[in-house]
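Asker: Okay, handing you the structure first.
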Amino acid sequence: MKSVRAVIASLMDSVRDLLPIILVIGFFQLVVLQQPIPNFGEILIGILFVVIGLTLFVHGLNLGLFPIGETMAYSFASKGSIFWLLVFAFALGFGTTVAEPALIAVANEAAIVAASGQMIEDSEQARDSYAFGLRITVAISVGFAIVLGVFRIIKGWPIQYLIIVGYIGVVIMTVFAPKEIIGIAYDSGGVTTSTITVPLVTALGVGLASSIKGRNPMIDGFGLIAFASLTPMIFVMGYGMVV
């Protein structure tokens, strides 16, 4: 019964979250453009599927991904194995990012644009290779970012100084990187922090900070996502300079 109530609560939250988007689209379509909504029935069914999917996804996060992330972080910290904790952090960052749907979409689109702009050969093999290389580069950068963030939590370093240094690096890389890759690099920093990466990485940070004496989960547990957004910009610009 408790689980049913939780699902209903997630369903209401999903409707509430999607309602502003629906109202904005409906207003501009009907009031500003003064045109009927095309394929209204299909759109209505699509919205229903989105609500159901978002509800199940959020409920699944709370039921499975958040607890397992926190539990594994606590277990590694309890055993005192920093090496395996850092290996797990890298694998988690790499694995969640390489499977991120938003990153796959951006990488494929970037490969098409690169081929049309004659940056790479206009063939399926070249496009696939470029997109795969971009995804692996971003995944490695996020793995590195999570390792850095976990090490920061262990040592208790202030996050703001690392972020400042990181963005200085982004600015410097922007000066030297090919202009064709800069926009892709900046977007890569955003698409990495999406549906799969954020829940697990957040759970890892909070769980680790909760399990280490002297660490505050509110102060030290958050910030891993900031690193995961920052490092792909540097790595992708480096990838553009090499490729």
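Asker: Using each residue's phi in the stretch 88-99, evaluate 6.51 cos²θ - 1.76 cosθ + 1.60 at θ = phi - 60° and report the 3J(HN,Hα) Karplus result to the nearest Hz, with x for Gly and Pro.
Answerer: Those phi angles translate into 4, 4, 5, 4, 5, x, 5, x, 5, 6, 5, 9 Hz.
Asker: Further, regarding this structure: Once fully extended, how much extra length lies between Q34 and D122, figured as 0.36 nm per residue of separation less the alpha-carbon to alpha-carbon distance?
Answerer: Length gained between Q34 and D122: 27.5 nm.
Asker: Cross-link candidates for K155: which aspartates and glutamates have Cα within less than 20 Å, leaving aside residues fewer than 8 places away along the same chain?
Answerer: Straight-distance partners of K155: E70, D220.
Asker: Could you work out the helix-only [θ] at 222 nm for the chain, with each DSSP H run of four or more residues adding -39,500 (n - 2.57) and the total divided by the number of residues, to the nearest 500 deg cm²/dmol?
Answerer: Helix-only estimate at 222 nm: -27000 deg cm²/dmol.
Asker: With θ set to phi - 60°, apply the Karplus curve 6.51 cos²θ - 1.76 cosθ + 1.60 along the stretch 167-177 and write out the HN-Hα couplings as whole Hz, x wherever there is a Gly or Pro.
Answerer: Each residue's phi maps through the Karplus curve to give 6, 4, x, 4, 4, 5, 5, 4, 5, 9, 6 Hz.
Asker: Quick one: net charge around P158, please, counting Lys, Arg +1 and Asp, Glu -1 for every other residue with C-beta under 14 Å from its C-beta.
Answerer: Result for the local shell: +2.
Asker: Let me ask something additional. Run the Debye formula on the Cα coordinates of the stretch 1-41, all scatterers equal and no solvent, and tell me log10 I(q)/I(0) at q = 0.20, 0.32 1/Å.
Answerer: Each listed q corresponds, in turn, to -0.67, -0.98.
Asker: Another one. Report Rg/Rh for the chain, rounded to two decimals, where Rg is the Cα radius of gyration and Rh the Kirkwood radius.
Answerer: 1.04
Asker: Of R16, R152, which has the most accessible area and how do the rest follow, probe 1.4 Å?
Answerer: Ranked from most to least accessible, the order is R16, R152.
Asker: Under a no-solvent Debye model with one identical scatterer per Cα of the stretch 56-166, what's log10 I(q)/I(0) at q = 0.19, 0.20, 0.21 Å⁻¹?
Answerer: -1.02, -1.06, -1.10
Asker: How big is the Kirkwood radius of the stretch 157-243, worked out from every pair of different alpha carbons and given in Å to one decimal?
Answerer: It is 14.0 Å.
Asker: How high is the relative contact order of the chain, in percent, counting Cα pairs under 8 Å that sit 6 or more residues apart?
Answerer: Computed over the chain, the figure is 25 percent.
Asker: Sticking with this structure for a sec: Measuring with a 1.4 Å probe in the full set of protein chains, what accessible area per residue, in whole Å², belongs to the chain?
Answerer: It amounts to 56 Å² per residue over the chain.
Asker: Give the distance, in whole Å, between the Cα centre of the stretch 183-209 and the Cα centre of the stretch 44-58.
Answerer: Computed from Cα coordinates, the inter-centre distance equals 22 Å.
Asker: Give me the one-decimal nm value for the distance between modelled label points at I25 and T174, 7 Å along each residue's Cα-to-Cβ direction.
Answerer: 3.2 nm
Asker: To the nearest 0.05, what FRET efficiency results for S78 and I136 with a Förster distance of 51 Å applied to their C-beta separation?
Answerer: The pair S78/I136 has a calculated efficiency of 0.95.
The values are calculated or read from the model by the stated rules, or taken from the named source; none is laboratory data. From a predicted model like this one, the values you see are computed outputs, not experimental measurements. FYI the Cβ positions are ideal-geometry reconstructions off the backbone, even for glycines, and counts take in every protein chain you see. With ligands, DNA and RNA removed, areas are computed over all heavy atoms of the protein, side chains included. Shrake-Rupley method; radii C 1.70, N 1.55, O 1.52, S 1.80 Å.
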